[in-house]
Amino acid sequence: MITRTALMMLVAGAATGANGQLLNPDFETPGVSTTFADWTEYGNSANILADTSELLNGFASLKMFGDFFVDFNTKGVFQNSSASVTPGDEWEVSALVGDITGDQIAGQNFGFVSLVYTDANGNNLLDLGTNIDVNSVVTDQLTRFASSRVAPLAATGVQINLGFQQPVITDGGALHYDDAEVNLISSGNDIPFYNGGFEELLFGRAVEAWVDFGNSIPNIFTSEFFTNPPAVEGQQSVLMFGQFNGDPEGNDSGIFQALPASAGEQWTAAVSVYNDPGDPISGANVAILSLVFRDAGGAVLAEAPVTAADSGTATGVWTPVSSSATAPANTATAEIVLVYSQAPAESDLNGDGSIGAGDEPTGLVRWDDSSLEIGAAARLCADQNQDGLVTPSDFTAWVLNFNTSNPLADTNQDTLVTPADFTGWVLAFNQGANGPTCNP
């Protein structure tokens, strides 16, 4: 798993043209206002060069190196491919990369070949970068490096991003890139839940693979440089606190991620939360975990929020919380939402003579080890023999289940197996295939 990827810069629209999914994939055609035709540059373009004399595949290659005047300088080129992407597709981007004797990348310098999925508006939804460092590059030889992953919900396009980062200004060396490709690996894959442990980092994004909101300060970020407390899993967690914006209604900040879902499915959203002892939740501030179901148009059908942490939550310990619910009719997606809700100011806490921004209750939380999972699909309550049908034979099955105290007989879902469940079964039977569902 990659632990650091450089800043992705995106434009809307997709390229169309030759050689598979990309234009000018071999960097043979110079640009008018850019180094290469059909490629968009970011960072210091003075160090993005067309090289025709060193490590080549054809007549030219792309050469990149550091700026040598500031730490963590990043540069690169990207192109939106002509590919039409469907969620569940797995695409791969790749390029030949190498360095040469006398100009090898050194120290912490690294390049990357990144796959970026975009939505219909050109927004970055999800990306994955394969890093190329001193331990992986082959000197005096071009070697293909690739990145691939399954497209998330709302993905319509795929972008290739080739870049170079110089974390320390004194580290030298250059990389050469050539023969870029974008290829479809497979279709119809299940869409996975991404970055539940918050280990994937991306400069310029709050939390990779998640959508953030209310991140105005910014007040949501992955704790790359905050190692106390240790994360539940891996090295990173997500920090979240209020916006301090003076809104008289308070403010909400958070992140969310969705997966395809269908009516009747049992879903569970889970996460661990940490009330930071150095800045504990105060006042009426609250951290919330919510499981949300939406229809195909994005409208909320149902939600199951639970309080993850508030001012009464113990500090200095990771606390697991979860929320489970059955997807209602017309469900298209299940969504996990992590929210920090900051209450409005009630007094002049900062002493500036007025009640407003900066006077809100304080406190921050950390999130880690999140998941969004589907359980066993809910079944029709009347279907006591679990053959997928509602028939008179289910009465005999209910009697057997009742006599053995089998939870399947709990048709009124009060967690007990009692004679009252017979009435529940009759009501469910009379509704047939449109009757209520039970879990288990």
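Miscellaneous remarks
- Note on the chain: antiparallel DSSP beta bridges, both residues inside, total approximately 95 percent of the bridges counted.
- The fraction of accessible area contributed by carbon and sulfur in the chain is 53 percent, rounded to a whole number (1.4 Å probe; ligands and nucleic acids excluded).
- If R0 is 35 Å, the Cβ-Cβ spacing of R144 and V317 corresponds to a FRET efficiency of close to 0.15.
- The H on the amide N of A308, modeled in the peptide plane, is under 5 Å from the matching H of A287, I288, L289, each at least 5 residues off or on a different chain.
- Over the Cα atoms of the chain, the radius of gyration divided by the Kirkwood radius equals 1.08; this is the Rg/Rh ratio.
- Compactness of segment 285-389 as Cα Rg over 2.2 N^0.38 Å, two decimals: 1.53
- Label zone (F72, point 7 Å along Cα-to-C-beta; backbone nitrogen cut-off 18 Å) within segment 185-199: 199.
- S53-S371 FRET efficiency (beta carbon distance; Förster radius 56 Å; 0.05 resolution): 0.60
- Averaged per residue, the chain has 42 square angstrom of accessible surface, using a 1.4 angstrom probe with ligands and nucleic acids left out.
- ³J(HN,Hα), Karplus 6.51/-1.76/1.60, whole Hz, each residue of segment 324-329, x for Gly, Pro: 10, 6, 9, 5, x, 4
- Charge dipole (segment 346-440, unit charges on Cβ, about Cα centre) - positive-most of S354, W425, N412: W425
- N189 versus N215: modelled label distance in nm, points set 7 Å from Cα along the beta carbon direction: 2.4 nm
- S136-A329 pseudo-label distance in nm [points 7 Å out on the Cα-to-Cβ vector]: 5.1 nm
- Evaluated over the Cα positions of segment 208-320, the convex hull gives a direction-averaged projected area, one quarter of its surface, of 8.6 nm².
- Distance (nanometres) between label positions extended 7 Å along Cα→Cβ at L416 and S84: 5.9 nm
The values are calculated or read from the model by the stated rules, or taken from the named source; none is laboratory data. It should be emphasised that the depicted structure is a prediction, and the values quoted were computed from it without experimental measurement. Neighbour counts run over all protein chains shown; Cβ positions are idealised from the backbone, glycine included. Side chains are part of the model used for accessible areas, which takes the heavy atoms of the whole protein and leaves out ligands, DNA and RNA. Shrake-Rupley method; radii C 1.70, N 1.55, O 1.52, S 1.80 Å.
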